[in-house]
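Beneath this line is the structure, given in structure tokens, with notes to follow.
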Amino acid sequence: MTSGIIFSIEEFAIHDGPGIRTTVFLKGCPLRCTWCHNPEGQSFEPEEMVKRGERSVCGEEYSPEALSAKLLRNEGIFRMNGGGVTFTGGEPLSQSGFLVSVLELLDGRIHTAIETSGFARKEVFREVLGHLDLVMMDLKMIDKDRHRKWTGVSNALILRNFETLASSGKPFIIRIPLIPGVNDDEANLEATAALLEGIPSLQRVELLPYHKTAGAKYPMVFREYDPGFDTEASPRLDISPFERRNIKTMIL
Ligand code: SF4
């Protein structure tokens, strides 16, 4: 089975899905969102990191068996409180062979969720979707040119995978990082809300306002944080496009 590279495993997480969860961070992402607050998750390779003066290697190889055994150690705790495991990153769909192998070993034993940008080939998206209980997917921007400018990639694949998700009946949450002057404008939020209107399996929308501490980790991986927008500004927090369409919305 394909091994995977993980850069963090956080136990007892409470914001990454229902109940108490273990959150697994898979290394590597094909996007380059300028506001990304996990720069150590972008490269697919293990890399040197300096944290509080201590040097370490960020990224560790796991076999599917080793990771699933580690996750199943908390099976009883997950069962007691309706929790489970959430795979995030980076972009977990970029290590889909590894991810599917782990999900097959967990199948039916614990609740599984993913946090994803939705950027993956449609066959990959469909295959992983079939093994999950919950999908948390970002919709960062609907306009394709703006999406490419701020994330480095087109959103064509993402929107196609969103259609697959919306028609699958699988419970899902849409997350929107709200970035000041980038995607917090009325046109983008209206277009996003219109896309989401009337989908029965949509549980809710979660808005994640930008926080200026997002750049804190860049020096740890020897990079400069230069996101190209006013990092002192606060994003517009307008949930009315969603409310008007009866879409449950939370600001995290
Ligand atoms: S998709 Fe997520 S992990 Fe990837 S660059 Fe964007 S914010 Fe960072």
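Tabulated data for the structure shown
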{"quantity": "Gly152 at positive phi, within 16 Å of the ligand (Cβ to nearest atom), touching a strand residue (DSSP E or B) at 6+ places or on another chain (Cβ under 9 Å) and not basic (Lys, Arg)", "calculated": "no"}
{"quantity": "Residue in the stretch 55-75 that is on the phi < 0 side of the Ramachandran plot, at pLDDT 95 or above and within 16 Å of the ligand (Cβ to nearest atom) present", "calculated": "yes"}
{"quantity": "Residues of the stretch 74-124 that turn out to be in a helix (DSSP H, G or I), over 20 Å from the mean Cα position of the chain (by Cα) and in contact (Cβ under 8 Å) with a residue 60 or more places away in the chain, as a count", "calculated": "1"}
{"quantity": "Looking only at the stretch 18-32, and only at residues there that are away from the ligand (no atom under 13 Å from the Cβ) and among the aliphatic types (A, V, I, L, M), the one that is farthest from the chain's Cα centre (by Cα)", "calculated": "Ile20"}
{"quantity": "Residue within the stretch 33-47 that is farther than 24 Å from Leu157 by Cβ, within 16 Å of the ligand (Cβ to nearest atom) and surrounded by fewer than 19 Cβ atoms within 10 Å (Cβ to Cβ) present", "calculated": "yes"}
{"quantity": "Residues located in the stretch 125-149, provided they are within 15 Å of the ligand (Cβ to nearest atom), closer than 19 Å to Ala194 by Cα and touching a helix residue (DSSP H, G or I) at 6+ places or on another chain (Cβ under 7 Å)", "calculated": "Met137, Leu139, Lys140, Met141"}
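Yes/no matrix, rows are residues, columns are (1) exposed (fewer than 12 other Cβ atoms within 10 Å of the Cβ); (2) within 21 Å of the chain's Cα centre (by Cα):
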residue	(1), (2)
Ala193	no, yes
Glu197	no, no
Ser201	no, yes
Arg204	no, yes
Leu208	no, yes
Lys212	no, yes
Phe222	yes, no
Arg236	no, no
Thr249	no, yes
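The values are calculated or read from the model by the stated rules, or taken from the named source; none is laboratory data. Remember, predicted model here, so these are calculated numbers, not experimental data. Don't worry about glycine lacking a Cβ; one is built from the backbone with ideal geometry, like all the others, and counts go over all protein chains shown.
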